[in-house]
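K.L.:
Here it is, the structure, as structure tokens.
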């Protein structure tokens, strides 16, 4: 049964929310614009907040629901974290659109809300502080993602959850490799910048 739940976690995560919304409303591939991601931040730049908000909410739920139900039915936070990892993998590499998806931040946020909400709150505080100062959503996302596994340990979370969340962090960092390069060069877009 766990195999089916794990497979469902990937399938739920692989729903290409931003891609579908922009394709249906504008007949365009969101991955051809802005940061070339299908995530809510890129949808915000290309289509505005009315389109970005539902994308963000659904992407968060894609991570939250698989982890929540895995934890509820098995009471195993490590298995729930594994399902969280699979949902993030699905978001980043959705099979239905050629394995080119988003960057995993909103989906991992939803998953962490289900399995370790106290460390998540601290990471959200870090994210908001960094974005407020730098206006770089990518930088805030990276710092929050990097901090989460270690905050799990500091708050007494299972080592298995630490290890799996570290794998999620590695995936998020990998998906942000282009952003990291632009941050180093000083050419990364800032929040509110609608330039291409």
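The values are calculated or read from the model by the stated rules, or taken from the named source; none is laboratory data. Everything numeric here is computed off the predicted structure, so don't read it as measured data. Here Cβ is always computed from backbone atoms with ideal geometry, including for glycine, and neighbour counts include all displayed protein chains.
K.L.:
Quick one: in the range 179-193, of everything that is in contact with a helix residue (DSSP H, G or I) (Cβ under 9 Å, 6 or more places away or on another chain) and either without any contact (Cβ under 8 Å) to a residue 40 or more places away in the chain or assigned to a helix (DSSP H, G or I) (or both), which residue is surrounded by the most Cβ atoms within 10 Å (Cβ to Cβ)?
P.N.:
Out of the qualifying residues, it is 179.
K.L.:
On the given criteria, is residue 58 modelled with pLDDT under 95 and touching a helix residue (DSSP H, G or I) at 6+ places or on another chain (Cβ under 7 Å)? Break it down stepwise before answering.
P.N.:
Working: modelled with pLDDT under 95: no; touching a helix residue (DSSP H, G or I) at 6+ places or on another chain (Cβ under 7 Å): yes.
Taking the combined requirement at face value, the residue does not satisfy it.
K.L.:
Looking only at the range 93-118, how many residues end up being in a helix (DSSP H, G or I) and either surrounded by 24 or more Cβ atoms within 10 Å (Cβ to Cβ) or without any contact (Cβ under 8 Å) to a residue 24 or more places away in the chain (or both)?
P.N.:
Filtering the range 93-118 down to residues in a helix (DSSP H, G or I) leaves 95-97, 105-115, 117-118.
Still in the list and also either surrounded by 24 or more Cβ atoms within 10 Å (Cβ to Cβ) or without any contact (Cβ under 8 Å) to a residue 24 or more places away in the chain (or both): 105-108, 110-112, 115, 117.
Number of matching residues: 9.
K.L.:
Write out, first by first residue and then by second, each pair whose Cβ atoms fall under 6 Å of each other, whose residues are 6+ apart or on separate chains, and whose first residue, in the range 125-136, is free of Cβ contacts under 8 Å to residues at least 40 places away in the same chain while the second is in a helix (DSSP H, G or I) and surrounded by 13 or more Cβ atoms within 10 Å (Cβ to Cβ).
P.N.:
Cβ pairs passing all conditions: 126/143; 126/144; 126/147; 127/140; 127/144; 130/139; 130/140; 130/143.
K.L.:
Can you tell me which residue is modelled with the lowest pLDDT among those in the range 32-44 that are farther than 17 Å from residue 172 by Cα and surrounded by fewer than 22 Cβ atoms within 10 Å (Cβ to Cβ)?
P.N.:
Within the range 32-44, the subset farther than 17 Å from residue 172 by Cα is 32-34, 43-44.
From what's left, surrounded by fewer than 22 Cβ atoms within 10 Å (Cβ to Cβ): 32-34.
Numbers: 32: 88, 33: 85, 34: 76.
It comes out as 34.
K.L.:
Criterion first (in contact (Cβ under 8 Å) with a residue 60 or more places away in the chain, within 17 Å of the chain's Cα centre (by Cα) and in a helix (DSSP H, G or I)) does residue 164 satisfy it?
P.N.:
Working: in contact (Cβ under 8 Å) with a residue 60 or more places away in the chain: yes; within 17 Å of the chain's Cα centre (by Cα): yes; in a helix (DSSP H, G or I): yes.
Criteria met by residue 164.
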